[in-house]
1. Being more than 20 Å from the chain's Cα centre (by Cα), part of a loop (DSSP other than H, G, I, E, B) and under 12 Å from A:Pro107 (Cα atoms), is that true of even one residue in the range A:59-75?
2. Test B:Ala239 against the stated conditions and say whether it is under 30 Å from A:Ala220 (Cβ atoms) and not in a helix (DSSP H, G or I).
3. Within the range B:70-122, how many residues are within 30 Å of A:Ala239 (Cβ to Cβ), in contact with a strand residue (DSSP E or B) (Cβ under 7 Å, 6 or more places away or on another chain) and not small (Gly, Ala, Ser)?
4. State whether the residues of the range A:179-196 include one that is β-branched (Val, Ile, Thr) and either in contact with a His (Cβ under 7 Å, 6 or more places away or on another chain) or at pLDDT 95 or above (or both).
5. Check whether at least one residue in the range B:268-275 is within 14 Å of chain A (Cβ to nearest Cβ), touching a strand residue (DSSP E or B) at 6+ places or on another chain (Cβ under 6 Å), of a type in the set (A, V, I, L, M) and over 23 Å from A:Phe173 (Cα atoms), and report yes or no.
6. Taking the criterion of being crowded, with 22+ Cβ neighbours inside 10 Å, of a type outside the set (A, V, I, L, M, F, W, C), under 24 Å from B:Thr278 (Cβ atoms) and under 19 Å from the mean Cα position of the chain (by Cα), would at least one residue in the range B:105-113 satisfy it?
7. Checking B:Pro101 against (1) without any contact (Cβ under 8 Å) to a residue 40 or more places away in the chain; (2) assigned to a strand (DSSP E or B); (3) open to solvent by 50 Å² or more (accessible area, probe 1.4 Å); (4) not aliphatic (A, V, I, L, M), only one condition comes out false. Which one?
8. Can you work out which of the residues in the range A:212-223 that are more than 7 Å from every other protein chain (Cβ to nearest Cβ) and not in a loop (DSSP other than H, G, I, E, B) is surrounded by the fewest Cβ atoms within 10 Å (Cβ to Cβ)?
Protein chains: 2
Amino acid sequence: MAAELLACDWGTTNLRAWTLDGAGAVVEEADFPMGVSRLGPGEVARRFHDEVRPALKAEALPAVLCGMVGSNLGWTSVPYLDCPADLAALAGGLVAAPGDPTARIAPGLTGPGLAGPDVMRGEETQVFGWLAADRDRLEGRHVICHPGTHAKWILVEDGRIVRFVTFMSGELFSVLGRHSILKCEAPGEDEDAFRAGLEAAGDGGALAARLFTARSRVVAGGAAFETTPSYLSGVLIGAEVQAGPEALGAAGLPVVLLGDARLCGWYRRALAFRGVATSTHDGEAAAVAGLFALYQMEQDP
Amino acid sequence: MAAELLACDWGTTNLRAWTLDGAGAVVEEADFPMGVSRLGPGEVARRFHDEVRPALKAEALPAVLCGMVGSNLGWTSVPYLDCPADLAALAGGLVAAPGDPTARIAPGLTGPGLAGPDVMRGEETQVFGWLAADRDRLEGRHVICHPGTHAKWILVEDGRIVRFVTFMSGELFSVLGRHSILKCEAPGEDEDAFRAGLEAAGDGGALAARLFTARSRVVAGGAAFETTPSYLSGVLIGAEVQAGPEALGAAGLPVVLLGDARLCGWYRRALAFRGVATSTHDGEAAAVAGLFALYQMEQDP
């Protein structure tokens, strides 16, 4: 079928774009290494017009965009919507992209986090895409974990995102592995060290002390230095999966892992270690479904 | 009086040296910006001979050194002593510095930490110096906190260090403030933001989420961006002082703060916020007293 919509998930470091047909199936797709943090002011609109639309033969298509493109770093600052919020509320908050009469940008969400308001931009669209893929999901409570640089733990009740909490475990992993005494360039693929890190995560408290054990296990415990990244990952993800459901007031539910398959795999192992059931779902497919659902909702509210 | 001993606290980033008279009083002192991490292999011994001894007119004096100078980064690798350890055990572990017949290097300690063995080099000498300054301190239990890049929480019972736990809060503050989304070059001196951070630290759990509130309070909560370092400091120190005494199994005792006066001041405020009594003691004076006590113990065991 012919493409009917240009859908974009435009984040801080990357842009993924798809054209979709009238049933929401992907016609073409493209990746661009041009997250909004890499672009100067005004450059977002220009490159969307000059590069993204032509690359996907989508010069004349309506477009729906989500992610940091709606922040003050992006195309235009789209106000956060308050939680609880459902798909209709998100569609109602779509804002026209300045200078492109057929492009709409989705708002992010804000809601009560762990110690004050929390924020997200982009993950909400994936959540609504995941919900839209199966009508049964629109009832009841779900705990959704979206791993990443800033992982989101999201509580959904009857189709609405009611609250969420951001864990910056991914960024901690990155900055500690590159700039701290735990610096180590080995790949983080050692299953045994990851599991040792999960054990060292304990109840998730005293994280600043548990992180230091990544050093002391090498200098005093005889562990191999090159297993440090895997161990560090285990400590950080182990502490996060312990705290995430509790932070939502929703411990005991199975966890829906939504995102990159490899990263979800580490979270799945960490949750299994704690006896928590999981299901894993592709974040990219959810983004496509969410952007298409926003488009449909705008056409036929 | 004439100088009788050259005492050195030689750490990762800095070297402090003193000459002491026969009563342990400081005759001369000097600072050198040459921590062991800044020196190449073999350079430690050479610069001690060529620069440190002459600068303090201590060419012919016996010397006692503590800190990372006794690590594999330093002059020679001095094995860790096991906890529990008292001053006599530390003196018994002094090792001759290769190539300098009158210099001795103190061992570090290892002991059961939060999730495996923990290690320290240098802080133990300050603890024994603090203990040596008042005979009453040699009985009973003390919780000592030594703030720094890698803060040490130390439990002392009847003059022996029985266990300790390292929190890398200081290094987290440094790497997050320079390399993460929380990067901000403003000075961390805002009392209100520090206190807001202490509140946001909560029970100290879910630290990776509490840290992200330093971002969301600005983008969604209207807080001033330039207060980020103070707030971040409050979250990290608040979480640490909540977890430190519990990690030692010694909650409820007053806390002895031993170290840099300014940093101890922030810890004092964080502990007062939680209703914990503190006393603050100069770390440099404790290092001098500890190095002198080691010297005396070696002379007259």
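The values are calculated or read from the model by the stated rules, or taken from the named source; none is laboratory data. Everything quoted here is computed from the prediction, not taken from an experiment. When we count neighbours, we look across all protein chains shown, and the Cβ atoms used for this are built from the backbone with ideal geometry, even at glycine. Calculation scope for accessible area: heavy atoms of the full protein, side chains included, ligands and nucleic acids excluded. Shrake-Rupley method; radii C 1.70, N 1.55, O 1.52, S 1.80 Å.
1. From the range A:59-75, those more than 20 Å from the chain's Cα centre (by Cα) are A:59-63; that's our starting set.
Next, only the ones that are part of a loop (DSSP other than H, G, I, E, B) stay: A:59-62.
So of that shortlist, the ones also under 12 Å from A:Pro107 (Cα atoms) come out as none.
No, the range A:59-75 contains no residue that is more than 20 Å from the chain's Cα centre (by Cα), part of a loop (DSSP other than H, G, I, E, B) and under 12 Å from A:Pro107 (Cα atoms).
2. Values: under 30 Å from A:Ala220 (Cβ atoms): yes; not in a helix (DSSP H, G or I): no.
The answer is no for B:Ala239.
3. At the first step, the residues of the range B:70-122 found to be within 30 Å of A:Ala239 (Cβ to Cβ) are B:71-73, B:80, B:82-84, B:108-122.
Cutting the leftovers down to in contact with a strand residue (DSSP E or B) (Cβ under 7 Å, 6 or more places away or on another chain) gives us B:80, B:82-84, B:108-114, B:117-120, B:122.
Add one more test, that the residue is not small (Gly, Ala, Ser), and what stays is B:80, B:82-84, B:109-110, B:112, B:114, B:117-120.
Matching residues across the range B:70-122 total 12.
4. Kept after step one, since they are β-branched (Val, Ile, Thr), are these residues of the range A:179-196: A:181.
Those still in the list that are either in contact with a His (Cβ under 7 Å, 6 or more places away or on another chain) or at pLDDT 95 or above (or both) too: none.
No; the residues of the range A:179-196 include none that is β-branched (Val, Ile, Thr) and either in contact with a His (Cβ under 7 Å, 6 or more places away or on another chain) or at pLDDT 95 or above (or both).
5. First pass over the range B:268-275, keeping only residues within 14 Å of chain A (Cβ to nearest Cβ): B:270.
If we keep only those that are touching a strand residue (DSSP E or B) at 6+ places or on another chain (Cβ under 6 Å) as well, we get none.
Taking every residue of the range B:268-275 in turn, none turns out to be within 14 Å of chain A (Cβ to nearest Cβ), touching a strand residue (DSSP E or B) at 6+ places or on another chain (Cβ under 6 Å), of a type in the set (A, V, I, L, M) and over 23 Å from A:Phe173 (Cα atoms).
6. There is at least one residue in the range B:105-113 that is crowded, with 22+ Cβ neighbours inside 10 Å, of a type outside the set (A, V, I, L, M, F, W, C), under 24 Å from B:Thr278 (Cβ atoms) and under 19 Å from the mean Cα position of the chain (by Cα).
7. (2)
8. Filtering the range A:212-223 down to residues more than 7 Å from every other protein chain (Cβ to nearest Cβ) leaves A:214-215, A:218, A:222-223.
Checking the rest, the ones that are also not in a loop (DSSP other than H, G, I, E, B) come to A:214-215, A:218.
On the way: A:Ala214: 32, A:Arg215: 23, A:Val218: 19.
My answer is A:Val218.
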